[in-house]
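Reviewing the structure listed below.
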Amino acid sequence: MDARILKSILFEYLSGRANPLERKLAEDWIKDPENSETFNHWLYEWEIRSPQFNPDQEQAIARLMERIHNEGEPDTEESEQKSFSENAWNLLQIKRFGLIAASVILLVCFGWFSRDTIQYKTYETGYGQTTRLYLEDGSRVALNANSRLKIPRFGFYGDVRTVSLDGEAEFSISHTIDHKRFVVKTSDTFQVEVLGTQFSVFARPRGTKVALNHGKIRIDYSQGENQQHLLMKPGDLATLQETGAVQLISNVDTKSLSAWKEQRFVFNATSLLEIRSLIEENFGKKIRIANDHIARRTITGNFKTENAEDLLKTISEVLDLDIEKQGDSILITDN
C-alpha cells in the first residue's frame, strides 16, 4: 500500500475517525514489528499536529479506566435496549481507546527517554568505512571511519542548522538565502559555527581539532567558567588542549588532514605512537608497541591503503620493524 495512503489511514485511526476497515488495516500494520520505527515517527508527527494532545500518564490511565467502566458496565435498562451490533461497536471503541491510551502511556514512559532518537537521525560508519552524505540544505559531509553524525530527522528548523559529530568529518556547507548559521557540536562545551565554508573536524576521545580549508568559521568553547570565541581563516588548525584552551596554528596543509577521503594517510614526522592511535580509531585494531624507543620513531610519507594490515606492513618495511599478531592484538617490535 502507498505510504501516503497508509499514513492518512493511521492519522484517521489515531484521531478516532477511522471506519472498521481502516481500523483493521491500522491495527494489523501496527502489530508488525518491522513497522515500529515508522509508527513512532508518524505518531510523533500526529502528536505535533494535534494541539489537544497532552502526554500525561496519570490522566491517560484515568480516562481509559473511566471509559472502560462507563461502557463496560451500563445500567440494565440501557443494556436491554442495545442491539448486538451496538455492543460490538462498544467493544471496538474500547479497544481503540485502549490502544490510543497505551500509545500515550508508552510515549510517556519510554518516549521522552528516546525523544532524541525520534527527533534526530544518526549516520554511523564502521571501522575502515567512509561515506558521503548530502544534507537537505545542499551541504555535503564526508564521514570518516568509526564516526557518527547526528542531524534533525525532520529537517532544519529555526535560525540555526545544528548537527552533532563524534569522530571525524569534512563539511562543505551551502549558504542559505536567509543567512542561516550552521553549527557543528562536538560536545556541550565545544562547537564550530560557520556560514558557507569548507572545513574538517576531528573529535575523538584523544582530542579535538578543526582545520579550515575555505571561508570563515568561529569556534565557541568553554574554558573554566568563561565562554571563549576564536575566529579562523583558511589554513588555520585549531587544537583543543587538555586545559580547555585552544591552540591555533596558521599556514597548515589542511587538505592532508582529510586525505582519508581518498583512503590515504599523510605522515609528516609522525610518531609511531600517533600512528597507533590512528589505526585503532580508523580500523579498530588493537596495537601494542614493545618499548618507548620504538613508539617515538617517526615516519614521513603519503600512504594509500584500505586496511590496517597493509599500512602496518608498509611502515614496518620503512622503519625495519617486525609486526606480529598475538590473539586480538598486533605487537610491533624491532626486527
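The values are calculated or read from the model by the stated rules, or taken from the named source; none is laboratory data. On a predicted model such as this, the values are computed, not experimentally measured, just so you know. FYI the Cβ positions are ideal-geometry reconstructions off the backbone, even for glycines, and counts take in every protein chain you see. Heads up: the accessible areas ignore ligands, DNA and RNA and are worked out on the full protein's heavy atoms, side chains in. Shrake-Rupley method; radii C 1.70, N 1.55, O 1.52, S 1.80 Å.
Using a cut-off of 13 Å between beta-carbons, work out the net charge of the residues near GLU262 (Lys and Arg +1, Asp and Glu -1, GLU262 not included).
+3
Does the range 191-325 come out rounded, prolate or oblate, given a ≥ b ≥ c as the square roots of the eigenvalues of its C-alpha gyration tensor, rounded meaning a/c under 1.5 and, failing that, prolate meaning a/b above b/c? Please list the in-between numbers first.
Numbers: a/c = 2.52, a/b = 1.81, b/c = 1.39.
Judged from the Cα gyration tensor, the range 191-325 comes out prolate (a/c at least 1.5, a/b above b/c).
In units of 2.2 N^0.38 Å, what is the alpha-carbon radius of gyration of the range 247-290? Could the numbers behind the result be given before it?
Details: Rg = 12.3 Å, N = 44, 2.2 N^0.38 = 9.3 Å.
Expressed relative to 2.2 N^0.38 Å, the Cα Rg reads 1.32.
Take each of the peptides 31-41, 253-263, average the number of other beta-carbon atoms within 10 Å over its residues, and list them starting from the highest.
Final packing ranking: 253-263, 31-41.
Once R0 is set to 22 Å, what does the formula 1/(1 + (r/R0)^6) return for the Cβ-Cβ distance between SER329 and TYR123, expressed as a FRET efficiency to the nearest 0.05?
0.15
Rank ASP322, ASP310, ASP236, ASP292 by accessible area, highest first, at a 1.4 Å probe radius?
Output order, biggest surface exposure first: ASP292, ASP310, ASP322, ASP236.
Rounded, prolate or oblate: which fits the range 287-335, taking a ≥ b ≥ c as square roots of the Cα gyration tensor eigenvalues, rounded meaning a/c under 1.5, else prolate when a/b beats b/c?
Numbers: a/c = 1.94, a/b = 1.12, b/c = 1.74.
Because a/c hits 1.5 or more and a/b fails to exceed b/c, the range 287-335 counts as oblate.
Name the long-range amide H neighbours of SER174: under 5 Å, sequence gap of 5 or more, or other chain; modelled H, no Pro or chain starts.
Placed amide hydrogens put SER139, ARG140 under 5 Å from SER174.
Between SER250 and ASP220, how high is the FRET efficiency from 1/(1 + (r/R0)^6) when r is the Cβ-Cβ distance and R₀ = 22 Å? Nearest 0.05.
On the way: r = 20 Å, r/R0 = 0.91.
Computed FRET efficiency for SER250 and ASP220: 0.65.
For the range 285-335 and the range 186-229, write down the distance between their C-alpha centroids in whole Å.
What the calculation gives is 32 Å, centre to centre.
What is the projected area of the convex hull of the Cα atoms of the range 215-277, averaged over all directions, in nm²?
So the Cα hull casts an average projection of 5.5 nm².
Could you please state how large a percent of the accessible area of the range 235-335 is carbon and sulfur, counting protein chains only and using a 1.4 Å probe?
Whole-percent figure for carbon plus sulfur exposure: 44.
Find the accessible area per residue for the range 175-286; the probe is 1.4 Å, ligands and nucleic acids are left out, and the unit is Å².
52
Going by amide H atoms built from the backbone, whose H comes under 5 Å of the H on SER222, apart from near neighbours?
Sorted by chain and number, the residues that satisfy this are GLN228.
For the range 124-176, just say rounded, prolate or oblate: build the C-alpha gyration tensor, square-root its eigenvalues into a ≥ b ≥ c, call rounded for a/c under 1.5, and beyond that prolate if a/b exceeds b/c, oblate if not.
Since a/c reaches 1.5 and a/b is larger than b/c, the shape of the range 124-176 is classed as prolate.
First compute the accessible area of the range 169-215 with a 1.4 Å probe, then give the percent of it belonging to carbon and sulfur atoms. Before the final figure, lay out each step's value.
On the way: 990 of 1940 Å².
Accessible surface attributable to carbon and sulfur in the range 169-215 totals 51 percent.
Hey, what did the range 237-310 get for relative contact order, percent, Cα under 8 Å, at least 6 apart? Walk me through the numbers before you get to the answer.
Details: 72 pairs, mean separation 23.4, N = 74.
Normalised by residue count, the contact order of the range 237-310 is 32 percent.
Would you mind computing, in nm to one decimal, how far apart the modelled labels at GLU37 and THR239 are, each placed 7 Å from Cα along Cα→Cβ?
Placing both labels 7 Å beyond Cα along the Cβ direction yields 3.9 nm.
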